[in-house]
Amino acid sequence: MDLFSEQHPELVPLAEGACWLPGFALPVMEALWRNLQQHLSEYPPQQMMTPMGLMSVRTSSMGDWGWVGNGHGYAYSAMQPGTGLPWPRIPPVILQLAAQAAHKAGYHAFVPDSCLINVYAPGSKMGLHQDKDEMDFSQPIVSLSLGIPATFLFGESKRTDKPVKIPLQHGDVVVWGGASRRFYHGVAPVKADTHPLLGPRRINLTLRKAK
Ligand code: SIN
Ligand code: FE2
C-alpha cells in the first residue's frame, strides 16, 4: 500500500529533528496487527532484567538485531535469549511504514535492522532514557504505537529537562533524529483501558538502525 496516495496526516514538530505523526499508520493497522499477532505467538514477549531491575514491559524483537537485557546490562543481540536462534525478519509492511514515516520527517532511505516490540499492560511504564547503543546517530528512530493510549514523555538532552507530554494513540508515529537523536524519552504508567483490536494493552514498535 502506498501511504502517500492517502490524505497526508498532520505533522506536529516536537523539537529540532523530531516530530509526531498522529494517525500516520492507521491505513495499515489491520495488516500490521495480523503480522504482530503471529510474531507474538511464535516469539512471546519476555520481561527483561536490566541493571535498574526487572522492566515492567514485555519485550520481543524482529530483524538482524534484537534487544536483550540479562541483569548485568543490555545490548543488541543477533540471537534470541534461550534458543540462540536468530530473530525473524521485519515484515515488509513494517519496513515500508518505517521508511515512509522517516521520509515524511525528513530522513530519507531509512532501512532499520532492528524492531523492538514493547508490550505494555495497564500500569507498565518506561523510565526516561536515551537510545544510544546504535552505531550511526545520523539514522533516526521511528516509534509506532498500537492499542490503548499512553503518554509519551519527550525530554531534551539532560534527564533533568522537563519533558513534553504527548498523548499517543493507536496508529501514531513519532520520529526523532538529528539534533534530538539522543534526547531523553519515556512512557508514563499506562492507564487501564481496552482497545477494540488489542484489548487491554499497548504495543510500541521501535525501529532503529542498530549496526
Ligand atoms: C522506548 O523508548 O523504548 C519505548 C517508547 C514507547 O513505548 O513509546
Ligand atoms: Fe527508547
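Things to note:
- Helix-only [θ]222 nm of the chain, DSSP H runs n ≥ 4, -39500 (n - 2.57) each, per residue, nearest 500: -4000 deg cm²/dmol
- Long-range Cα-Cα pairs in the chain (distance over 31 Å), rounded percent: 11
- Cut-off under 5 Å, modelled amide H: who pairs with Gln47 long-range: Thr59
- Here the accessible area of the range 12-208 is 56 percent carbon and sulfur, with a 1.4 angstrom probe and all protein chains present.
- Restricting attention to the range 94-211, lysine pairs at least eight places apart or on different chains and with alpha-carbon atoms under 17 angstrom apart total 6.
- Counting only protein heavy atoms and using a 1.4 Å probe, the accessible area of Phe110 comes to about 10 Å².
- Lys191 versus Val111: modelled label distance in nm, points set 7 Å from Cα along the beta carbon direction: 4.3
- Here the range 81-155 yields Rg over Rh of 0.97, to two decimals, using C-alpha coordinates and the Kirkwood radius.
The values are calculated or read from the model by the stated rules, or taken from the named source; none is laboratory data. None of these values were measured; they are calculated from a predicted model. Using ideal geometry, Cβ is built from the backbone for each residue, glycine included, and neighbour counts are taken over all protein chains shown. Protein only, heavy atoms only, side chains kept; ligands, DNA and RNA dropped before computing areas. Shrake-Rupley method; radii C 1.70, N 1.55, O 1.52, S 1.80 Å.
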